[in-house]
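The values are calculated or read from the model by the stated rules, or taken from the named source; none is laboratory data. Everything numeric here is computed off the predicted structure, so don't read it as measured data. Counting neighbours? That spans all protein chains shown, and the Cβs are built from the backbone with ideal geometry, glycine included.
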Amino acid sequence: MTGVLEFAHLPHPSPASAERRGEVLADPGFGRYFTDHMVTIDYTEGRGWHDATVQPYGPMQLDPAAMVLHYGQAIFEGLKVYRQPDGSIAAFRVYSNAERMRRSSRRLAMAELPDELFVRSIAELVEADHEWVPAAGGEESLYLRPFMFSTEAGLGVRPANQYRYVLIASPAGAYFPRGVKPVSVWISQEYVRAAPGGTGDAKFSGNYAASLLAQAQAVEQGCDQVVWLDAVERRYIEEMGGMNLCFIFGSGADAKLVTPELSGSLLPGITRDSLLTLAREAGLEVEERKISVQEWESEVASGQITEVFACGTAAVITPVGTVKSRDGEFTVGDGEPGEVTMALRDTLTGIQRGTFADTHGWLTTL
Ligand code: PLP
Ligand code: COI
């Protein structure tokens, strides 16, 4: 019974000093530093989830025949916890991440971690490493990276019967070094991230491996990120390497938010979902539909598309400026973040940081 699983706590022989922690928290960047502890929970078929442990962050042993190393059963999640004005710590939409991880598990034929255990693991790690949660009032937060992989040793190709779930944490500032300055994007016409019936709507590590070559091409072209098109017609925008995309048509009271519909091959982002709710509440018309590269370019030219932004847990909301492909380039807006983009960003981050009312029950105090 996972409901009664006790977490063992292994003492840390040499946690980071307050001075070292202070240095890291002063300029955390993204994904560069890790807190003192991690959580591991193992799964064995027939026995269920067992050996839940909060232990010092560090290397793990893996059998060379562990099936993840050969056949790639590996999934992950990403969410943030925020210091609240009263000093408490709250996670944003943690149950949505728990649910998405179970969906990813199903797609990859892996064991499903019960939501209560997912949330408990987060509460246990944040309790052990609470001093690593950045102060309230700034842009920083503590990024949590839950992940799971197959550990059974064997070379037969089939779903494994042993898995390990791990949770690590990393203090996070802006994902892009230039903060909320618009990023440039490269539209990949050569490579495809995910196809209908594939794994694109799961947070499957292989999706990211498949994206790296095109991301490297984007960088070669002087761009920050790659934008993926649909696999069949190579016309419709899907998403970026680690973020969803939103397009603002018009401005002021007539502004409309358009975002690619969930095609089955793009990740249903929790930030995307939250922003659709907040945009509707702010009186914006919201459309989830197909949007082509051609529409993007022509509606920017006609002045209809006024703002474009990327959204995701790591990226929060980041404006998109220059758009490049092998056919040429164009620029959205004037190189500064747009009004609607920044208003939605303020509302979302205000809720996350406890300065705006959380009317949707999105925060879970840990
Ligand atoms: N799309 C991809 C491919 C991602 O990796 C992410 C990040 O998690 C997102 C979209 C945005 O999802 P979320 O808002 O849940 O972080
Ligand atoms: C996230 O936003 O949590 C992501 O997983 C995106 C990226 C860092 C992989």
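Taking the criterion of being modelled with pLDDT of 95 or more and within 16 Å of ligand 2 (Cβ to nearest atom), would at least one residue in the stretch 294-305 satisfy it? No, the stretch 294-305 contains no residue that is modelled with pLDDT of 95 or more and within 16 Å of ligand 2 (Cβ to nearest atom).
Of the residues screened, Thr313 is one that is at pLDDT 95 or above, out of contact with any Asp or Glu (no Cβ under 7 Å at 6 or more places or on another chain) and within 13 Å of ligand 2 (Cβ to nearest atom). Taken over the stretch 175-209, residues that are within 15 Å of ligand 1 (Cβ to nearest atom) and over 13 Å from Glu238 (Cβ atoms) amount to 11.
Quick check on Arg93: is it within 15 Å of ligand 2 (Cβ to nearest atom) and more than 23 Å from Ala209 (Cβ to Cβ)? Answer is yes for this residue. Taking first residues from the stretch 91-111 that are touching a residue at least 60 places away in the same chain (Cβ under 8 Å) and partners that are part of a loop (DSSP other than H, G, I, E, B) and among the polar types (S, T, N, Q), the Cβ contacts under 9 Å between residues at least 6 apart in sequence or on separate chains come to Phe92/Thr313; Asn97/Thr313; Ser104/Thr199; Arg107/Thr199; Leu108/Gln73; Leu108/Thr199; Ala111/Asn161. Confirm whether Ala123 is in a helix (DSSP H, G or I), closer than 29 Å to Leu363 by Cβ and touching a residue at least 40 places away in the same chain (Cβ under 8 Å). Against the criterion (in a helix (DSSP H, G or I), closer than 29 Å to Leu363 by Cβ and touching a residue at least 40 places away in the same chain (Cβ under 8 Å)), Ala123 qualifies. Against the numbered list (1) modelled with pLDDT under 95; (2) away from ligand 2 (no atom under 16 Å from the Cβ), Pro177 comes up short only at (2). Residues of the stretch 161-200 being charged (D, E, K, R) and either assigned to a loop (DSSP other than H, G, I, E, B) or closer than 21 Å to Ser325 by Cβ (or both), which ones? Listed by number, the residues that qualify are Arg178, Lys181, Glu190, Arg193. The residues of the stretch 129-169 that are small (Gly, Ala, Ser) and crowded, with 20+ Cβ neighbours inside 10 Å, listed by number, are Ser141, Ser150, Ala160, Ala169.
Might you check whether a residue that is of a type in the set (D, E, K, R) and closer than 29 Å to Asp27 by Cβ occurs anywhere in the stretch 226-236? For the stretch 226-236, residues of a type in the set (D, E, K, R) and closer than 29 Å to Asp27 by Cβ: absent. Does Pro15 satisfy being more than 20 Å from Leu79 (Cα to Cα), at pLDDT below 95, assigned to a loop (DSSP other than H, G, I, E, B) and out of contact with any Leu (no Cβ under 6 Å at 6 or more places or on another chain)? Against the criterion (more than 20 Å from Leu79 (Cα to Cα), at pLDDT below 95, assigned to a loop (DSSP other than H, G, I, E, B) and out of contact with any Leu (no Cβ under 6 Å at 6 or more places or on another chain)), Pro15 does not qualify. The condition of being surrounded by fewer than 19 Cβ atoms within 10 Å (Cβ to Cβ) and either of a type in the set (Gly, Ala, Ser) or touching a strand residue (DSSP E or B) at 6+ places or on another chain (Cβ under 6 Å) (or both) holds for only one of Ala301, Ala279, Ala315, that being Ala301. Just a yes or no: is a residue in the stretch 90-100 over 20 Å from the mean Cα position of the chain (by Cα) and in a helix (DSSP H, G or I)? There is no residue in the stretch 90-100 that is over 20 Å from the mean Cα position of the chain (by Cα) and in a helix (DSSP H, G or I).
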